[in-house]
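Any read-out appearing in this document is the output of simple, stated calculations on the displayed coordinates, not a laboratory observation. Please read all numbers here as calculations on a predicted model, not as lab measurements. Glycine also receives a Cβ, built like all others from the backbone with ideal geometry; neighbour counts cover every protein chain displayed.
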Amino acid sequence: MPSNHEKVGTHKPEWLKVKLHNDPRYADVAATVRRHDLHTICASGRCPNISECWSRGTATFMIGGDTCTRACRFCATKSSARPLPPDIQEPVKIARSVQLMGLRHAVITSVDRDDLPDGGAAHWAATVKAIRELNPETTIELLIPDFSGQAEHLDIILNAGADIVGHNLETVRRITPEVRDRRASYDTSLNVLRHIASRGGDLAKSAIMVGLGETFDEVLRTLDDLAEAGVRRMTIGQYLQPTPRHYPVAEYVHPDIFEKYKAAAVERGILYTESGPLVRSSYMADRLAPKQKTARPLNTLIASER
């Protein structure tokens with residue numbers, strides 16, 4: 001009988017091997033990205049699901065620069081107390097990228113910008129509005145920082161009218177101080193999610209990683225907390241160490257355990273849950289979207305750029 005966990009060693013288990021997808025839509029999107037020098041987290045972050053998501057007409061963009069004001073031990077993003085100012089033309093550039101790629105569902109994330117008076121909230125709102133204006137059929141999902149829990153900054157973003165607004169809890173309460181920046185707390189993140197959920201519907205989304213040393217029961221308690229906060233959409237994935245300098249992987253969690261976590265989440269009312277070793281925050285994001293709009297066919301949009 002297979003073990004539910006795999007000891008960390010020099011080789012990753014079979015279930016972490018990526019399956020290649022040969023959908024022609026992926027090749028079309030990839031060619032468009034190269035031709036127009038578009039930037040996505042999918043490519044720069046070497047996401048294992050890039051071909052699957054691009055084939056589905058979904059991609060993730062990072063705004064606000066490439067340097068974070070925080071330094072979490074699990075994250076490979078550059079860190080500095082004084083990043084460069086945000087590009088004021090970025091909202092329009094992102095909107096144009098969404099159009100060129102023919103996306104049905106666009107996911108936007110960012111670094112933390114504690115150096116800015118509003119944490120970058122106005123830049124977020126401008127990006128949502130620009131995407132909506134140029135791509136009215138595209139659903140928009142945001143993965144936002146915690147903005148230090150400031151409701152007025154969160155409201156600037158929420159008022160822009162995205163379809164989903166996510167904030168990642170990342171891990172269980174006990175491990176949070178070990179892996180997240182000292183300014184990021186478990187309770188602040190839960191309060192952010194409560195504020196998002198207070199807008200009604202199934203707006204709030206979150207994500208956690210496993211394999212950091214948490215116990216099964218700790219994950220269940222985390223699911224309780226997320227459900228209580230009003231989260232109705234989430235992802236659960238395997239933590240993978242970006243470099244030897246980052247927080248080590250404690251274990252590779254077996255797919256069977258991910259299935260149990262998904263069942264437990266659904267049982268608690270988090271009805272739209274993706275859970276698996278290769279799942280990331282925006283994995284199958286379009287499938288977890290609250291609505292599907294009728295978009296122009298992907299190949300038509302790409303063909304118009306040729």
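Side notes on the structure shown:
- Rg over Rh, two decimals, segment 169-280 (C-alpha only, Kirkwood Rh): 0.95
- Residue exposure sequence - L158, L226 - by fewest surrounding Cβ within 10 Å: L158, L226
- Bins of 10 Å, starting at 0 and running to the largest distance - Cα pair percent for the chain: 6, 28, 37, 24, 6, 0
- Cα centroid separation - segment 143-185 against segment 128-142, whole Å: 21 Å
- More than 25 Å apart - percent of Cα-Cα pairs taken over segment 49-163: 22 percent
- From helices alone, the chain scores -10000 deg cm²/dmol at 222 nm; the rule is -39500 (n - 2.57) for each run of n ≥ 4 DSSP H residues, then divide by the residue total.
- Treating r as the C-beta distance of E259 and T188 and R0 as 35 Å, the FRET efficiency rounds to 0.70.
- Taking the DSSP bridge list for the chain and keeping only pairs wholly inside it, about 5 percent are antiparallel.
- Ranked by how many other beta carbons lie within 10 Å on average, peptides 24-32, 232-240 from highest: 232-240, 24-32
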